[in-house]
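Single-structure report; data block below.
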Amino acid sequence: MRQPLAREITDLIERGRDRQLRLAVTGLSRSGKTAFLTSLVNQLRHAGLEARLDLLPAARQGRLLGARRVNQQDLGVPRFPYDQAMAALAETPPRWPAPTRGISELRLELRYRPERRGWLGSETRRLTLDLFDYPGEWLLDLPLLAHDYPSWCRSQQALAGEQRRVHFAAWHAAVEDLDPAAEADEAQLAEIAERYAQGLRGAREAGFADLQPGRFLLPGDLSGAPVLQFFPLPGIAEAEPAELAALPPESNYATLARRFQYYQQHIVRPFYRDHFRRFDRQIVLVDLLGALNAGPERFEDLSRALANLMQSFDYGRRSLLSRLFAPRIDRLAIAATKADHVTPEQHPRLVALLEALLAEPLQDLRFASVPVRALSLAAIRASEAREVEHRGQRTPALRGTALDGEPLLLFPGEVPGRLPDDAFWSRQGFAFPHFRPLPLEGGALPHIRMDAALDWLIGDKLS
Ligand SMILES: Nc1nc2c(ncn2[C@@H]2O[C@H](COP(=O)(O)OP(=O)(O)O)[C@@H](O)[C@H]2O)c(=O)[nH]1
Ligand SMILES: [Mg+2]
């Protein structure tokens with residue numbers, strides 16, 4: 001999908017004048033990407049009218065004049081379903097937007113008045129904002145590029161925790177009988193691969209996140225293609241490398257190794273080369289509260305998955321990423337989403353916990369001088385903060401409606417301000433219900449700190 005040269009040049013000129021910005025939103029499944037992008041577009045379209053964006057100076061100062069959707073350039077990428085998402089939220093009762101898979105794009109044109117007026121006085125400027133939504137699962141595949149097939153098999157074997165293993169029982173039973181040296185049988189490999197994919201899906205349903213290969217979870221149009229029909233061979237750790245290499249090309253081992261390589265070259269690399277490399281800014285969304293809700297093994301797993309995912313932002317000169325592609329993201333945000341699930345005085349702890357969870361990758365980024373900010377937000381706030389009398393004391397509480405329509409008034413629990421230890425897990429009853437979205441009352445979507453996120457991600461381009 002090459003762009004015509006003329007368009008590339010116009011693009012370049014526009015970028016040089018700071019008139020175009022490519023902003024990407026990612027995060028693992030259910031982390032809140034669709035909600036975030038829907039809210040972002042909604043807030044910008046209502047800026048200067050009903051939107052509450054006090055933390056975004058251009059909006060507070062009345063300089064942000066409007067945002068309209070324009071046609072995107074890359075016709076090969078599906079359009080982000082903003083209208084469908086708004087329609088779901090506008091239903092009675094309101095619904096959360098349906099999940100999406102794969103990458104999507106939407107282009108906004110913002111009109112604003114610069115802070116310092118030029119000699120023309122009433123000058124207005126335009127900023128073209130290209131927004132992308134793509135699955136964080138795809139970033140989990142970057143580390144896969146550093147492996148050859150046998151070392152990948154070993155790395156996957158190392159992940160087998162007890163609760164995780166149960167999801168792969170059917171696959172294990174099938175793969176045990178597979179002789180690496182025997183001639184490959186297409187149907188058999190497809191069958192075992194399907195069980196592997198089922199294992200990955202089951203593990204994800206159960207809240208696990210550190211799952212490879214990422215496309216097995218979100219295959220899109222690759223569903224059923226042989227490139228998605230491989231899996232690790234468990235026994236390979238003990239095998240002699242020379243013996244493996246000597247196996248005939250028709251063998252199971254050689255067939256799987258070829259598919260693994262094809263996946264690297266034709267699935268993982270093109271995403272980085274054609275999309276990722278071209279993003280200017282990025283926000284990574286993390287459903288930290290969901291992981292706290294799900295217990296220690298899931299929380300550990302999220303931590304590992306994030307460490308993996310963050311390698312895609314490791315710009316150190318020796319990093320895999322820098323060696324393979326030359327990325328140029330110049331600003332990064334990391335956000336704990338769905339903050340409306342806890343009372344407001346817990347929000348600083350939520351950020352502290354996020355910082356603790358990502359301590360190492362954040363340090364690396366800061367070391368590599370990539371500006372990064374951690375924050376907590378609710379893209380679409382579905383609860384209201386209240387205070388209630390409890391044993392003669394005023395305590396914070398949340399009011400909302402459960403998904404089944406039941407009215408709720410509750411204190412969901414305390415967020416640990418640092419990485420939870422055993423004491424936390426044995427003591428904590430951290431269980432929150434899912435809220436139904438609040439009824440739409442015209443105007444902009446209710447949110448928490450979307451304006452802070454916007455300020456960090458695009459504020460400087462509107463000054
Ligand atoms: N209360 C609340 N729930 C949210 C918010 N954002 C997302 N959710 C919930 O999380 C689910 C997954 O969000 P979604 O944006 O579809 O995640 P995606 O898979 O990353 O695109 C939604 O269906 C909501 O139930 C939020 O700001 N507040
Ligand atoms: Mg989505």
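The values are calculated or read from the model by the stated rules, or taken from the named source; none is laboratory data. Everything numeric here is computed off the predicted structure, so don't read it as measured data. Cβ atoms come from the backbone with ideal geometry, glycine included; neighbour counts cover every protein chain shown. Accessible surface areas use protein heavy atoms only, side chains included; no ligands, DNA or RNA. Shrake-Rupley method; radii C 1.70, N 1.55, O 1.52, S 1.80 Å.
Quick rundown of the values:
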read-out	value
Test: residue in region 249-272 that is without any contact (Cβ under 8 Å) to a residue 12 or more places away in the chain and in a loop (DSSP other than H, G, I, E, B)	yes
Residue that is nearest to the chain's Cα centre (by Cα) [pool: residues in region 170-181 that are farther than 19 Å from residue 212 by Cβ and open to solvent by 40 Å² or more (accessible area, probe 1.4 Å)]	173
Those residues of region 243-270 which are over 17 Å from residue 179 (Cα atoms) and open to solvent by 60 Å² or more (accessible area, probe 1.4 Å), in sequence order	261, 262, 265, 266, 269
Members of region 75-97 that are within 10 Å of ligand 1 (Cβ to nearest atom) and touching a residue at least 40 places away in the same chain (Cβ under 8 Å)	85, 95, 96, 97
Residues (surrounded by fewer than 17 Cβ atoms within 10 Å (Cβ to Cβ), of a type in the set (D, E, K, R) and either within 16 Å of ligand 2 (Cβ to nearest atom) or under 30 Å from residue 436 (Cα atoms) (or both)) located in region 56-114	60, 68, 69, 79, 83, 91, 95, 101
In region 36-50, residue farthest from ligand 1 (Cβ to nearest atom) [restricted to those that are open to solvent by 20 Å² or more (accessible area, probe 1.4 Å) and not acidic (Asp, Glu)]	48
Helices (runs of 4 or more DSSP H) wholly inside region 74-183 that include at least 2 residues being modelled with pLDDT of 85 or more	82-90, 149-157, 169-175
Tally, over region 25-49, of residues that are assigned to a loop (DSSP other than H, G, I, E, B) and within 13 Å of ligand 2 (Cβ to nearest atom)	5
